[in-house]
Structure formats: structure tokens, C-alpha cells
1. Out of the residues in segment 230-259 that are within 18 Å of G195 (Cβ to Cβ) and of a type in the set (A, V, I, L, M, F, W, C), which is nearest to the chain's Cα centre (by Cα)?
2. Could you list, in sequence order, all residues of segment 344-376 that are among the aliphatic types (A, V, I, L, M) and under 18 Å from the mean Cα position of the chain (by Cα)?
3. Any chance you could count how many residues in segment 367-407 are in a loop (DSSP other than H, G, I, E, B) and closer than 21 Å to E324 by Cα?
4. With respect to F255, is the statement that it is closer than 14 Å to V137 by Cβ, assigned by TED's automatic domain parsing to the domain that holds G182 and among the aromatic types (F, W, Y) true?
5. Kindly indicate which of A286, A271 is hydrophobic (A, V, I, L, M, F, W, C), within 25 Å of Q206 (Cα to Cα), modelled with pLDDT under 90 and surrounded by 12 or more Cβ atoms within 10 Å (Cβ to Cβ).
6. Among the residues of segment 338-365, how many are part of a helix (DSSP H, G or I) and loosely packed, with under 15 Cβ neighbours inside 10 Å?
7. Select from segment 309-343 the residues that are out of contact with any helix residue (DSSP H, G or I) (no Cβ under 6 Å at 6 or more places or on another chain) and small (G, A, S) and write down the one among them that is modelled with the highest pLDDT.
8. Could you tell me whether R393 is outside the structural domain of Q468 (by TED's automatic domain parsing), modelled with pLDDT under 85, surrounded by fewer than 17 Cβ atoms within 10 Å (Cβ to Cβ) and closer than 30 Å to N222 by Cβ?
Amino acid sequence: MQVGIQVENKIFCGPSQGLPQSLATTDPQFERVATSRRSKDEKPRYKKSSRSIDDHKNSKSVTSDYFSGSEEPVGSTVSINSTTQVPSEKPAKRLERRATFHPAEILANTIASTNNSRSRVFHMCEPDPSKPQKSRVYKLVLTGGPCGGKTTGQSRLAAFFESIGWKVFTVPEAATVLLNGGVKFAELSKEAAFGFQRDLLLTLLQLEKVFFTQASLVQNKNVLVICDRGAMDPSAYIDKEGWERILRECNLDQFDLRENRYNQVIHMVTAADGAEKYYTLSNNTARAESMLTQACQLDEFTRSAWLGHPYVDIVDNSDCISFEDKILKVLQVVCDRVGIAYNDRFAKNSKKRKWLIRSFDEKDFPRYEEFFITHDYLLADKPDLQVRIRERRQNNRSTYTITTRTLMKPEPVETRMQITEREYNRYLSMKDNGRATLFKRRLCFQFHTTFFHLDIFTDPLPPACKGQPIMILETYTTKPVGDPEPLLPSCLDVVREVTGDAKYSMYSLAAVSQKPSFNGIHFDN
């Protein structure tokens with residue numbers, strides 16, 4: 001899709017005046033080395049090493065500086081790029097190519113070979129871009145107490161990982177599916193309640209099996225599977241004897257369910273514990289907890305159910321000024337476990353910054369994931385509430401979300417939830433006709449260690465644009481407004497920073513009738 005005027009691989013939006021920006025970029029050089037383990041009968045031999053990194057640039061194997069930096073075992077060598085180095089490749093180009101791979105990707109493509117019985121060589125190899133790569137499947141459980149923020153956390157995780165090129169599957173919560181189908185847990189006898197918990201576990205496992213199988217079939221893309229609660233969660237709602245009976249009757253092993261099934265478990269502590277003013281049941285009619293004390297008890301039971309899993313992260317409400325801080329904690333701990341560098345994007349005091357872009361050089365643009373997005377605002381019954389729905393498309397596949405923004409102190413609270421296509425179409429009937437539909441082409445990319453997305457508003461443009469398409473670059477960072485960091489790609493022609501300028505918010509741009517109207521790349525006063 002072409003936006004604006006394209007000349008020599010440049011895309012222009014609006015007139016030519018403005019503030020061009022050229023930023024120098026550097027890529028840090030990292031040399032990774034390793035040592036091999038010797039046989040028990042062989043004594044280590046050492047020799048002095050005086051070779052520098054420059055000495056190794058054209059060498060097929062790089063000798064390790066061992067632990068002290070001055071001595072190394074003879075024969076212990078490692079090569080990071082020996083199998084993939086391009087002949088006659090300049091060092092700067094090689095560094096640029098290497099920077100496109102994350103350490104986790106390099107490790108995933110590591111091979112070990114044996115030269116002879118006395119010398120083993122460990123190769124750290126970059127993925128060969130000419131060959132299909134084996135997909136990495138990461139299975140994550142998102143659990144917690146009532147009103148802990150799971151729904152918004154799931155949506156934000158899905159959006160982030162999709163933006164960096166991952167395929168994301170979200171396994172629905174089995175309990176909510178069954179309870180919303182008409183099951184009244186309070187009306188069940190003891191034996192009926194036992195049967196329900198048994199069937200709930202079997203349903204959960206079958207749902208996961210479907211998504212785990214689909215994830216294993218994905219090619220050339222890493223996959224994140226987000227499970228809305230996991231196999232150990234039902235044990236929090238039944239006594240020990242009942243749980244052990246379920247395991248026996250279903251021929252299941254608790255160790256296997258807890259230890260081997262998932263890569264990571266995130267427990268989001270209930271808002272009833274430390275964030276009482278945010279505790280609500282309004283977003284899940286299947287809940288029956290009305291007491292803060294009961295919510296805290298259920299939270300503790302659920303947390304205890306996962307005791308023993310090797311990678312459990314508790315995300316509580318401490319040190320969280322806002323709900324957004326808690327969501328950032330979730331994103332942070334998942335990226336830490338997966339091995340994704342995020343710089344300060346998810347830091348506690350991270351804030352959104354925005355820049356108005358006139359044009360960009362497409363041939364020099366970083367690698368990106370492309371999405372097509374449609375935003376609609378809905379009529380809300382409260383003046384302090386904004387509600388919008390979004391369709392996000394890629395390769396003829398769509399995901400749908402609904403976002404509510406409540407204007408309250410100390411800062412607005414925004415929650416986001418994934419919805420079905422059917423629900424999305426229902427919500428469209430509540431569209432606010434005073435706000436135009438916004439259509440955007442979104443390019444998600446990484447520059448150095450910072451994630452950005454570039455939104456290109458496309459036809460039909462809202463009235464505020466006066467027929468001129470605009471482009472807005474966004475990121476999250478701890479750097480304050482006006483700071484020269486984070487560095488922006490030099491292929492972008494930046495007009496100015498518009499962080500905090502209400503005229504460039506989606507809510508303002510969508511307004512059909514407004515005083516400030518867009519004219520080229522400026523608003524008239």
C-alpha cells in the first residue's frame with residue numbers, strides 16, 4: 001500500500017518543510033567465547049594468551065581468554081561465525097549482520113562436534129537465513145487471584161510478541177467457558193462439584209493440546225502460547241484428597257503437570273491485596289467472590305498450587321503507582337525469561353513518547369512486522385470513560401481487542417481485553433458517530449535495543465487530516481521528553497516530537513468536529 005508520494009524509495013506525507021534528522025548509529029561488538037570440558041584423566045594445560053579480538057577477525061576459531069583473561073586451556077576453542085561468515089565480508093557489515101540475531105537465536109542454532117577423543121569444539125552458530133529455522137515454542141501460564149489483571153496482561157503480551165514477529169496463541173480459560181455455559185458451582189453437591197473439577201481439568205488439558213499441536217506446526221516463526229490458567233489451577237478449588245482422586249481417576253501425574261508442561265508461570269496477585277481501590281468483578285460475570293478477604297485467600301491457594309514449578313514469577317501490587325506499572329512488570333519478567341532485550345521499554349517509569357514523521361527511506365528501513373489496524377470509538381455512558389475497539393490484521397488473519405480508558409487520579413487507568421470477531425461486530429453497533437474510524441498501517445521494528453512502531457494513517461482519512469496523511473512514531477522509554485535518546489533511525493525524516501500534544505492523540509484525530517484541524521503536517525490554531 002502506497003501512502004503519500006513515493007520518490008526514489010522515499011515516502012512523503014505533507015509538504016517539504018520541517019526539521020530533518022540524521023542520527024549516527026553504532027553497533028556494539030560482542031565476542032562470545034566458550035571453553036570445553038576435559039576428560040577426567042587429562043590434566044589441564046595452560047599457555048599465555050596475548051591475542052586481541054582484532055587478531056581473531058579472520059580466524060576460523062577464536063581462543064578463549066578463559067576465566068582470568070590471561071590464561072586458557074590449550075585446544076579449547078570456539079567459533080561464533082565460522083560456519084556462516086560471508087567471504088570477503090567487511091568487519092562493520094559483519095557486526096551489523098550479527099546484531100540482527102538475538103543470543104537466544106544463536107544458542108538455538110548451536111551445534112557441537114567432536115574432532116577426536118581428546119578435543120571437543122563447541123560452536124556458537126548464527127542461524128543460516130537461507131535455511132528454514134526450527135520454530136521455538138514457549139508455553140506460558142498466566143494465573144492469579146481474582147481481579148489480578150490477567151485479561152489485560154494476556155492482551156498486552158500478545159500484542160507485544162506479535163509486534164516483534166512471533167506467532168501468538170491464547171488458550172481460553174476453561175472454567176470461564178464452562179461457568180458461562182450455565183453451570184452454577186454454588187448449586188452443585190459435593191460429588192457433583194468433584195465431577196465438575198475433574199471435567200474442568202480434562203477440558204483444560206484438551207484445549208491446551210489443540211493449541212500446543214498448532215504451535216508445533218508453525219514454521220519459520222517463534223511461537224508464544226499463553227494459557228489463561230494452567231493444569232494446576234483446579235487444585236486450588238478442591239481439597240487435597242479430592243485433587244489426588246482426580247489425578248488417580250484420570251491417570252495423571254502431578255509432577256508432570258506442574259514441572260514439564262509449561263516453560264513459565266506468571267501469578268498476578270489479586271487487586272484485593274495492596275490495590276483495593278482497583279478491585280472489581282465487572283469484567284468477569286463468572287466470578288462469585290465479593291469479599292476482599294475471600295479474594296486474598298483464593299489468591300494464596302492458587303499461588304500455592306504452583307509451588308515447585310522451576311520458573312514461577314509473582315507479580316504483586318507493591319511499588320505500583322498505577323495498574324500500568326503492574327502490566328509492565330508482567331511484560332518485563334516474560335521477556336527476561338524468554339531472553340528478549342527490551343532496554344527500558346518496560347521500566348516502571350517508562351512513558352510513551354511520540355514523534356511526527358514527514359517521510360522515511362524505505363530501502364534503509366529496519367526489518368519490520370507489518371499490520372493493518374482499524375480503530376473505532378464507542379459511545380460510553382460515563383463522561384470519564386473512553387472505549388475503543390481494534391481490528392489488527394496480518395496475512396488475512398485478524399485479532400480483535402476492546403480497550404477502556406477511565407480518567408481518574410493519579411493517572412488514567414487503561415484495560416485491554418481480547419474479543420472474538422462476533423463480539424467485535426456487536427460492539428460496532430455502538431460506534432460513536434462523532435468519531436471517525438481510523439485506518440492505519442503499522443510497522444513494528446527494533447532499532448538498537450528499543451522497540452518502535454510507526455503508524456501511517458491511510459485512506460479514508462479522518463476529517464481532521466484535511467486530506468493529508470500523517471505518520472507518527474511511538475515508543476516507551478524512561479528518557480524524558482526532549483532527550484536525544486532513544487536514538488531514532490536516520491532513515492526517518494523527523495519533524496518534531498509531539499509527546500503530550502493532545503492534538504495528535506487518536507481520540508482527538510478521530511473527532512469529526514473540532515477546532516484544531518490538520519493541515520499538512522501542522523495544526524492551525
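1. The initial filter retains those residues of segment 230-259 that are within 18 Å of G195 (Cβ to Cβ), namely 231, 233-252.
Still in the list and also of a type in the set (A, V, I, L, M, F, W, C): 231, 236, 238, 243, 246-247, 250, 252.
Details: A231: 23, A236: 28, I238: 33, W243: 34, I246: 35, L247: 34, C250: 35, L252: 32 Å.
Among them, the one singled out is A231.
2. Initial filter on segment 344-376 (among the aliphatic types (A, V, I, L, M)): 347, 356-357, 373.
Of everything in segment 344-376, those that are among the aliphatic types (A, V, I, L, M) and under 18 Å from the mean Cα position of the chain (by Cα) turn out to be A347, I373.
3. Matching residues across segment 367-407 total 2.
4. Values: closer than 14 Å to V137 by Cβ: no; assigned by TED's automatic domain parsing to the domain that holds G182: yes; among the aromatic types (F, W, Y): yes.
Taking the combined requirement at face value, the residue does not satisfy it.
5. None of the other options fit; the residue is A286.
6. First, pick out the residues of segment 338-365 that are part of a helix (DSSP H, G or I): 338, 362-364.
Restricting the remaining residues to those that are loosely packed, with under 15 Cβ neighbours inside 10 Å gives 362-364.
Here the count works out to 3.
7. Once the filter is applied, the top-ranked residue is S322.
8. On the way: outside the structural domain of Q468 (by TED's automatic domain parsing): yes; modelled with pLDDT under 85: no; surrounded by fewer than 17 Cβ atoms within 10 Å (Cβ to Cβ): yes; closer than 30 Å to N222 by Cβ: yes.
In short, no.
The values are calculated or read from the model by the stated rules, or taken from the named source; none is laboratory data. Nothing here was measured: the structure is a model prediction, and the numbers come from that model. Backbone-built Cβ (ideal geometry, glycine too); neighbour counts: all protein chains shown.
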